[in-house]
Amino acid sequence: MRPSVRLPLPDEDALALADGDPAGLAPLLEEARSARDRAWGRRVTFSPKVFLPVTNLCRDRCGYCSFRRSPGDAGAWTMTPDEIDTWLDRGAAEGCAEALLCLGDRPESVFPSYRRTLATWGHESTVSYLEDAGRRALARGLLPHTNAGILTRDEMARLARVNVSLGLMLETTSDRLSEPGMPHHRAPDKRAASRLRMIDEAGQLKIPFTTGILIGIGETRRERVQALLAIRALHRAHGHIQEVIVQSFRAHPDTRMREAPEPDDDEVAHAIAVARLVLPDEITVQAPPNLNAGSTLRLLAAGINDFGGISPVTPDYINPRHPWPHLEALARTCAGEGYELAPRVAVHEAFIERPGFLAPELLGPTLAARARLARARSPGELGAARGALAQTADPASPSLEAP
Ligand code: SF4
């Protein structure tokens, strides 16, 4: 990288980086760190959240996933309305501002027993149930953000009435990863076309949107850059991408990819730095600290400006073997590098009062949650009642690690 580099990187320069920068990793990180500092200053954010794994039933079978279940599997779990209420209450009591609703992809299309379960609760579809859960969250002052896999345009419009933002990891644009033997072969919802279609339609609907790439599942660096360029193109069309997550593959026992090599710190840093230099300044670049334990300084050096959602009450159900960091410790690490760790709400600042984006009825709850977070004297105050953050699945909840 050269000091005169033009940002965001033009397509050809971005692809050239993927093919190998003769200057090496250090100048790339330096360029990305400078870009982050210019755009975001010395503030790094996180979203205090309660994580609701609404159902782990899923019609796909990704090779790396330890979350999904079929009905009857050990650990199969659809949260009851009472369980949702209980965890929302705990999240609100611990100072959370976000209710993350995360689930498998369209289980009602393949599991009749799940449809019957929804019907006993008065819902004809998962989206109906999610809408209800969103209302319950809002009633407690929590701002819903839902990641429900592939949704139709109408479903997104419906959920946008009770969600401050929606999410879908693009993961990759490489359909090579859907070929036999590859991680997405048994996951038709991971085809790039349907994911790009949904992100595009979210933009048409002006929904603040979080997406990201998954690194280390067999993609090449060039394919990573192509995914980032696709996200950038959609953002240029609609201006709706608030955050891009650079998520590292982590191997889980009981998955097909349990012995696959994980990306090392240099590879993660390279991906983050390229994301920072490819994406427009206004898009947050995030990397989850629990998937990069012990590498917080490296994440900062590579150009992140956000750690994503961190929960004082619930584990990371998608990666239950990777506990959240303690917020006070994370804040100290950031301070040591001259950065302030600050809480934020789920919808990013630029979208809160931007005409046409946030549903008008969500503005009041969003401003109230933002004001509540601003009153916290330190990040550690969020969830301080428990003394430490949730490190493992709640004993009352089914273990999602067991097959
Ligand atoms: S990663 Fe998502 S879509 Fe793939 S199997 Fe797991 S829950 Fe389903």
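Quick one: which residue in 102, 58, 96 is under 21 Å from the mean Cα position of the chain (by Cα), within 28 Å of residue 333 (Cβ to Cβ) and surrounded by fewer than 23 Cβ atoms within 10 Å (Cβ to Cβ)?
102
Among the residues making up region 6-42, those that are touching a residue at least 24 places away in the same chain (Cβ under 8 Å), loosely packed, with under 14 Cβ neighbours inside 10 Å and farther than 16 Å from residue 221 by Cα are 38, 42.
Evaluated against (1) part of a strand (DSSP E or B); (2) free of Cβ contacts under 8 Å to residues at least 24 places away in the same chain, residue 86 falls short on exactly one condition, (1).
The number of residues in region 108-132 that are farther than 17 Å from residue 71 by Cα, over 26 Å from the mean Cα position of the chain (by Cα) and buried (at least 18 other Cβ atoms within 10 Å of the Cβ) comes to 1.
Conditions (1) assigned to a helix (DSSP H, G or I); (2) within 25 Å of the chain's Cα centre (by Cα); (3) away from the ligand (no atom under 16 Å from the Cβ); (4) polar (S, T, N, Q), marked per residue:
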site: 9; (1), (2), (3), (4): no, yes, yes, no
site: 12; (1), (2), (3), (4): yes, no, yes, no
site: 16; (1), (2), (3), (4): yes, no, yes, no
site: 20; (1), (2), (3), (4): no, no, yes, no
site: 35; (1), (2), (3), (4): yes, yes, yes, no
site: 50; (1), (2), (3), (4): no, yes, yes, no
site: 53; (1), (2), (3), (4): no, yes, no, no
site: 64; (1), (2), (3), (4): no, yes, no, no
site: 71; (1), (2), (3), (4): no, no, no, no
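Considering each residue of region 75-119, count those that are out of contact with any strand residue (DSSP E or B) (no Cβ under 7 Å at 6 or more places or on another chain) and on the phi > 0 side of the Ramachandran plot, and give that number. So the count comes out to 1.
Among the candidates 39, 119, 99, single out the residue that is within 22 Å of residue 150 (Cα to Cα), assigned to a helix (DSSP H, G or I) and hydrophobic (A, V, I, L, M, F, W, C).
Numbers: 39 fails: within 22 Å of residue 150 (Cα to Cα); 99 fails: assigned to a helix (DSSP H, G or I).
On inspection, the qualifying residue turns out to be 119.
Scanning region 182-209 for residues that are more than 16 Å from the ligand (Cβ to nearest atom) and either among the acidic types (Asp, Glu) or in a loop (DSSP other than H, G, I, E, B) (or both) yields 200, 201, 205, 206, 207, 208. Of the residues making up region 197-220, one or more are at negative phi, of a type in the set (Ser, Thr, Tyr) and either touching a Gly at 6+ places or on another chain (Cβ under 7 Å) or crowded, with 19+ Cβ neighbours inside 10 Å (or both). If the condition is being touching a residue at least 40 places away in the same chain (Cβ under 8 Å) and outside any loop (DSSP other than H, G, I, E, B), then region 163-181 contributes 165, 166, 167, 171, 176, 177. Evaluation of residue 78 against the conditions (1) in contact with a Lys or Arg (Cβ under 9 Å, 6 or more places away or on another chain); (2) within 16 Å of the ligand (Cβ to nearest atom); (3) hydroxyl-bearing (Ser, Thr, Tyr) shows that the sole unmet condition is (1). For region 348-368, the set of residues classified as closer than 20 Å to residue 46 by Cβ and in contact with a helix residue (DSSP H, G or I) (Cβ under 6 Å, 6 or more places away or on another chain) consists of 352, 365, 366, listed by residue number.
With the structure loaded, tell me whether residue 259 is surrounded by fewer than 19 Cβ atoms within 10 Å (Cβ to Cβ) and either free of Cβ contacts under 8 Å to residues at least 40 places away in the same chain or at positive phi (or both) or whether it fails that test. I'd like the intermediate steps shown before the answer.
Values: surrounded by fewer than 19 Cβ atoms within 10 Å (Cβ to Cβ): yes; either free of Cβ contacts under 8 Å to residues at least 40 places away in the same chain or at positive phi (or both): yes.
Yes.
Scoring residue 123 on the criteria (1) touching a Phe, Trp or Tyr at 6+ places or on another chain (Cβ under 6 Å); (2) in contact (Cβ under 8 Å) with a residue 24 or more places away in the chain; (3) over 29 Å from residue 219 (Cβ atoms) leaves a single failure, condition (2).
Can residue 331 be described as crowded, with 16+ Cβ neighbours inside 10 Å, aliphatic (A, V, I, L, M), modelled with pLDDT under 95 and in contact with a Pro (Cβ under 8 Å, 6 or more places away or on another chain)? Walk me through how you get there before you give the answer.
Values: crowded, with 16+ Cβ neighbours inside 10 Å: yes; aliphatic (A, V, I, L, M): yes; modelled with pLDDT under 95: no; in contact with a Pro (Cβ under 8 Å, 6 or more places away or on another chain): yes.
Criteria not met by residue 331.
Counting only residues that are away from the ligand (no atom under 13 Å from the Cβ) and under 17 Å from residue 63 (Cβ atoms), which one in region 172-181 is surrounded by the fewest Cβ atoms within 10 Å (Cβ to Cβ)? Among residues in region 172-181 that are away from the ligand (no atom under 13 Å from the Cβ) and under 17 Å from residue 63 (Cβ atoms), the one surrounded by the fewest Cβ atoms within 10 Å (Cβ to Cβ) is 180.
The values are calculated or read from the model by the stated rules, or taken from the named source; none is laboratory data. These numbers come from a predicted model, not from an experiment. Reconstructed Cβ throughout: ideal geometry from the backbone, glycine too, with neighbour counts over all protein chains shown.
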